[in-house]
Amino acid sequence: MSQASHTIYALSTAPGRAGVAVIRVSGPEAVGSARALAGPLPAPRTAVLRHFRDPVGRIIDRGLLLWFAAPESFTGEDVAEFHVHGGRAVVDAVLAALASLPGLRLAAPGEFTRRAVENGKFDLTAAEGLADLVNAETDAQRRQALRQYDGALADLYEGWRARLIEQAAWAEAAIDFSDEDLPEGVLKRARSALEIIAGEIARHLDDSGRGEIVREGLRIALIGPPNAGKSSLLNALAKRDVAIVSEIPGTTRDVIEVRLDLGGYPVTIADTAGLRDAGNGIEQEGVRRALARAEASELVVLVLDGTSRARPQLSKDIETRLCLTVWNKRDLAAHDTGKNEVSVSAMTGEGIDAFVGVLTAKARAIADTHSESPPLTRARHREALLKAQDALTRALCAADDRPELMAEDIRLALRALGRITGRVDVEELLDVIFREFCIGK
Ligand SMILES: Nc1nc2c(ncn2[C@@H]2O[C@H](COP(=O)(O)OP(=O)(O)O)[C@@H](O)[C@H]2O)c(=O)[nH]1
Ligand SMILES: [Mg+2]
């Protein structure tokens, strides 16, 4: 399955100036390439300090060499690693030396990981977890990605598959053998096993998208009347001057986004145009965008001016997403706060820390997975699980008297689950999936 005839190489660390850069080689010529650049090899998995030389014997750099013998390596193939000084000229010279060797070519994005999957080192969900780990910007993202890379989702989905395979076997047996030849109540037992698995899949699906929110970031929209101080509040949260603040109502028209780490949870906070009916066509478009953003956000924060106390009329949909009301300009007008209300001054910074604390708690409540089982993290998995769920619903309908239909639908469910982990027909998917595995390119 793997195109193991080629040995591939690539810079595995981010390009640019750095103390150390790691260049990795994988495939049948990996050991030969290490010998060509660094001379006789140490024992596998043992780092040695060596001079690395170009094809005519000139020294390129001095660094660490180590190699791993197949299959005990990341890719499952022979792998060599050159740890050199992370300067452009050094890295370019090592890559040029490798390019000059026969049978070697530059790796495509994600090709090392792809070979690892093809050689059975880990499954597709773990590979996706690895991509998420490399991309993780906050602690919650890191934890979720590492859990997935360690096989939590693979275990869950493969566990369901194993149990379904057993029930499929009983359904097949019920087709092939007569009642007397089978243990009593076989189909009934298969049916209740299917019901349990279907219940587990339904609970996994019904998680309000927590895992996806942690991967992609929680969206928070700041909305409110013009001049309430939404842009000032965004700047206070971002601790920099992102949005234009002005006493002229209707200054903000576009949605302005800032990505923040709220206590480990990734969030995108959006400042929006002030909600009012007046204004020209451009401002009205701004209001339309503000409302659309609020509707697409997990959390909506209503910012009000504590001196005027005007509150805009909100749609029912936005009201349900409204998590917090911020009374701003507390330096001008002190304000008693009720439940889910805070009082701040975006200008002086009073109350901002408490506001961030409340917002962090709200973000955690939405994104935290309280359950022991790992969360669903990708739309690709969700789609396949919904297919599996449909197939199981049909299998349950057929379970009483149509074992052949039951067996067929269990097979469809197995296929859907197998596509998530990469067990069945994913060849055409692999190119798409591994395109995102692109370190420093
Ligand atoms: N005194 C005081 N003025 C504020 C405060 N926050 C914002 N402002 C002022 O209110 C006006 C409108 O602020 P801005 O952030 O542009 O409001 P937006 O229209 O809701 O984005 C500006 O003149 C700000 O300087 C505050 O906490 N106290
Ligand atoms: Mg504004």
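Bear in mind these aren't lab numbers, they're just calculated from the coordinates by the rules spelled out. A quick note: this is a predicted structure, and the numbers were derived from the prediction, not measured. Cβ sites come from the backbone with ideal geometry, for glycine too, and all protein chains shown count toward neighbours.
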Gyration tensor on Cα atoms of region 4-94, a ≥ b ≥ c root eigenvalues, a/c under 1.5 rounded, else prolate if a/b beats b/c, else oblate, says prolate
Highest mean packing first, using Cβ neighbours within 10 angstrom, the peptides 213-226, 257-270 sort as 213-226, 257-270
Trypsin sites (Lys or Arg not before Pro) in region 275-371 lying in a DSSP loop, each with at most 10 other Cβ atoms within 10 Å of its Cβ, come to Arg309, Lys339
Expressed in nanometres to one decimal, the distance between label points 7 Å along Cα→Cβ at Arg309 and Cys397 is 5.9
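Share of Cα-Cα pairs in region 114-264 beyond 24 Å, in percent?
On the way: 6826 of 11325 pairs.
Percent of Cα pairs beyond 24 Å in region 114-264: 60.
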Looking only at lysines whose Cα falls under 25 Å of Lys362's and that sit 8 or more positions away or on another chain, we get Lys230, Lys239, Lys316, Lys329, Lys339
Rounded to the nearest 500, the 222 nm mean residue ellipticity computed for the chain from DSSP H runs (n ≥ 4, each -39500 (n - 2.57)) alone is -14000 deg cm²/dmol
Per 20 angstrom bin, beginning at 0 and ending with the bin that holds the maximum distance, the Cα pairs of the chain fall in percents of 21, 36, 33, 10, 0
If the chain between Ala379 and Leu205 were fully extended at 0.36 nm per residue, the gain over the current Cα-Cα distance would be 61.6 nm
quick note, the chain, DSSP beta bridge pairs, % antiparallel (nearest 5) is 60
Under the 7 Å Cα-to-Cβ spin-label approximation, Ala89 and Glu184 lie apart by a distance in nanometres of 8.6
